[in-house]
Amino acid sequence: MNLSTKISQFPRVRKTVVKRLEKLGIKTTADLLFYFPTRYDDFRQIVKVKDLCEGAAVTVKVRVEFISNKHGWRSHKTVTEALVSDETESLRVVWFNQPYLAKSIKSGEWLYLSGKVKSDMLGAQLVSPIYEKVANGINASTACLAPIYPLTSGLTQKQVRFLMKQALEIAPAVTDWLPSEIMEKLDLTPLPDALAGIHFPKDEIERDNAIKRLKFGELFLLQLRSSLARAKKLKQKAPKIKFQEQAIKDFVNGLPFVLTASQKKSAWEILQDLEKPHPMNRLLSGEVGSGKTVVAAMAAYDTASNNFQTVILVPTEILASQHYASFKKLLPKNKIALLTNSQFRISDFIFQNTTKASQRREVIKKIKDGDREIIIGTHALLSDKIKFKNLGLIVVDEQHRFGVEQRRTLKEKVAVACPDASVGMLDFQTSRRDVGTIKSAHFLSMTATPIPRSLALLIYGDLDLSAITELPLGRKPVLTRYVSADNRQKAYDFIRAQIKKGRQAFVVCPLIEAASFVIPAKAGIQSPGSIDDSLDPRFYGDDTVIGTTNTNDKKSVLSEYEKLSKKIFPDLRVDYLHGRLKGAEKENIMNKFKTKEIDILVSTSVVEVGVDMPNASVMMIEGAERFGMAQLHQFRGRVGRAEHQSYCFLFSTDESNSEDINNRLKYFEKHNDGFKLAEYDLERRGPGAVYGIEQSGHVDLKLATLGDRDIIKSARDWAGKVVENLADYPTVATKIKDFNTKIHWE
Ligand code: ADP
Ligand code: MG
């Protein structure tokens, strides 16, 4: 047996068990060994039978008085009943559907029994305890910290522990890839011991040491990837974009507003990066409305002044045309083009041709000939047909809204589209291009998702970060209330009063329709588990994501629309909007809302993006517990965009009155800072839940969390050192190679 031995080849393993393990992604010994318990039951204390109390998880050491099977005459279950005792008292034990127990356990034998105590009128009882014969040795495994694994139904802890013990027999032969230098300096447990120690620890110390070692391994690998990407970047060449001081000054002075301090700082960081001979690889984050566009425009302007082209990629057509309009306004003298699948526009040019197709070809030719300085568009720009003359800067706006797959092709396609450029981001995976020095464009991604610095450093360690941390002056914070069900009527009264004052309101629901039917989700997109176009922030609008679930109890746009328009506000103008409406219908409704022909708009999260309705002053969110903090924050950002004081009301559909949910929504009520909110979610739900990063292959953290600041720091320090002399660390080099091929294939 070795690490790649299939579970199906283990002795005495049933096919059903193999299948169920596969569902958990466990196929080989290695998979099994790295399937970690989420907690432990403490079975170390052997309790006297007379001291048992209801509900406790205990281990007793007892003698079997008698044992026999009974058949339930209605169900077809076999019940095995036993009476056991120690020197203090006797105890009843039952097992279900394990008739063989009556044969393998004999009266008079001594057992360790571990399980939960239940009491009824006849006294204490153990139900389906784990057993181990005392004769099997003194260190009975049941009398320890027993691992509890996250399992699917049909698998028992006992089955997994049984297989785990077999798998652990090969642990001593597992070689540790961490350099001994690090192991010694940090006093880390060697991998084989760590594996044994996380699954079957003798005590807390052994367990904690094991966890520390395994966490370090995860974080170290992540940091190594970042450090390598940085090192590689320094080998690449990018066009030097000389800082055009006077031009930039004129640009800033010509703006109708004063830049905020962090806009200035971010712009400065970007312009400095562009001057360097290596490709910039920077992430600019800042909330919706914080003014990222103007910062990108400065970079594009600087680039154009150096006679290089800039590409601006955005995820939707709406955003593309919005940007085209803003860039034309901001940079009236520059030659700008817009290109999406359905539209093309070009500033300051009269077409020679009359047909759309040939006009489109004219635009493409102008881009190729370098006659356009700034090219704005959707992924249509990534088509093989689009070539650039001298690309200097690539800007990706709302980069998190590009799906996992799109992000990957984006990187590859841009590299193809501009033969001289390879994109600097994470592309050491495609080592094909890693020959000598590569000429590459500068890369700026922008996102409105608040990414706390701690997370950004961890997962985007190869990126430099700029953040716009304040909103332009004069915006009033939105007053937020988490409203209990009893006060729903008051919220409605409040909305009515606002509408009387001339304002408008949004009502956001997590679902389109309350019904349980099945529509397959698009390939490659993880179903968010609901009929819905809102829960996956990367896809909305025309890209409705539809999942499957039983949704009867959840708030939906259609049912809320019914209720509000007929019962609550029959005298007001209520309408609805969701991603499955046709493009023209959506536009029509948005226009009607803008021209105040609609008072209340019931919607899915399609209103999350591209909606600027300064007259709306109320954002009411139904089923708020179903949205992540970052997304709730985006909704809230839809109001309070003008001089009117604005309000956000949250309602929860959670009936269990979960403390977690209450705490989360209360936290949201009290905090207006998107970064704080994202951090809150991150620490509780992990980066995967918050940003969908896990699926993207960015991060594979099983144990480590952002809270492990010390380990993160030492992992980063060591990664820096090791990458400088990777040749001296062959086991690390191999590990990285394995890691990358795995990610690449998946
Ligand atoms: P986002 O960061 O969401 O992309 P935008 O760049 O679209 O934000 O900016 C939102 C609005 O704020 C725009 O109308 C823009 O002109 C305006 N704006 C940007 N910077 C400032 C500023 N410093 N002061 C006032 N308004 C600004
Ligand atoms: Mg923007």
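The values are calculated or read from the model by the stated rules, or taken from the named source; none is laboratory data. What you see is a predicted model; the values in this text were computed from it and never measured. Don't worry about glycine lacking a Cβ; one is built from the backbone with ideal geometry, like all the others, and counts go over all protein chains shown. Ligands, DNA and RNA are excluded from the accessible area calculation, which covers all protein heavy atoms including side chains. Shrake-Rupley method; radii C 1.70, N 1.55, O 1.52, S 1.80 Å.
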Once D51, D464 are ranked on solvent-accessible area with the largest value leading and a 1.4 Å probe, the list reads D51, D464
For T175, tell me the accessible area in Å² from a 1.4 Å probe, rounded to the nearest 10.
-> 120
Where a Cα-Cα gap under 19 Å defines reach, which lysines qualify for K333, not counting those fewer than 8 residues away within the same chain?
-> K249, K366
Compare F388, F66, F635 by solvent-accessible area with a 1.4 Å probe and give them largest first, with all protein chains kept in place.
-> F66, F388, F635
Return the long-range amide H neighbours of E89 (sequence gap of 5 or more, or a different chain), with a cut-off of under 5 Å between placed amide H atoms.
-> V49, K50
Simple spin-label estimate for L101/N390, 7 Å along Cα→Cβ, in nm, reads 8.1
With unit charges on the beta carbon (Lys/Arg positive, Asp/Glu negative), name the residue among I46, V94, C144 whose Cα is farthest towards the positive pole of the charge dipole of the range 40-148.
-> V94
Report the FRET efficiency, 1/(1 + (r/R0)^6), for V79 and K670, where r is their Cβ-Cβ distance and R0 is 45 Å, rounded to 0.05.
-> 0.25
What net charge do the residues around T731 carry, taking every other residue with its C-beta under 14 Å from that of T731, with Lys and Arg at +1 and Asp and Glu at -1?
-> -2
With all protein chains in place and a 1.4 Å probe, R580 shows an accessible area in Å² (nearest 10) of 90
Subtract the Cα-Cα distance of K365 and K566 from 0.36 nm times their separation in residues, and report this length gain in nm to one decimal.
-> 66.8 nm
Given the peptides 177-183, 56-62, arrange them by the average over their residues of other C-beta atoms within 10 Å, most packed first.
-> 56-62, 177-183
If the chain between V134 and F36 were fully extended at 0.36 nm per residue, the gain over the current Cα-Cα distance would be 32.5 nm
Peptides ranked, highest mean first, by Cβ atoms within 10 Å: ranges 471-477, 168-174 | 168-174, 471-477
Separation in nanometres of the label points that stand 7 Å from Cα toward Cβ, at E513 and K476 | 4.0
Pairs K15/K158; K237/K368; K23/K116; K563/K666; K240/K385; K212/K232: which exceed 18 Å Cα-Cα?
-> K237/K368; K23/K116; K563/K666; K240/K385; K212/K232
How about K235: which aspartates and glutamates have a C-alpha closer than 17 Å to its C-alpha, ignoring those fewer than 8 places off in the same chain?
-> D273, E275, D420, D427, D434, D462, D464, E724
For A727 and Q489, compute 0.36 nm times the residue count separating them, minus their Cα-Cα distance, and round to one decimal in nm.
-> 78.8 nm
Rounded to the nearest 0.05, what FRET efficiency do N588 and S342 have when you use their Cβ-Cβ distance and R0 = 22 Å?
-> 0.80
Round to the nearest 10 and report in Å² the accessible area of L581, as given by a 1.4 Å probe over the protein chains' heavy atoms.
-> 30
Residue by residue, what Karplus-based ³J(HN,Hα) values in Hz, rounded to whole numbers, does the range 211-228 have, using 6.51, -1.76 and 1.60 with θ = phi - 60° and x for Gly and Pro?
-> 5, 4, 4, 6, 4, 4, x, 4, 6, 4, 4, 4, 5, 4, 4, 4, 4, 5
If you rank T80, T152 by how much accessible surface each has, with a 1.4 Å probe, what is the order from largest down?
-> T152, T80
Under a plain spin-label model, where a point goes 7 Å from the Cα along Cα-to-Cβ, how far apart in nm are S326 and L186?
-> 4.2
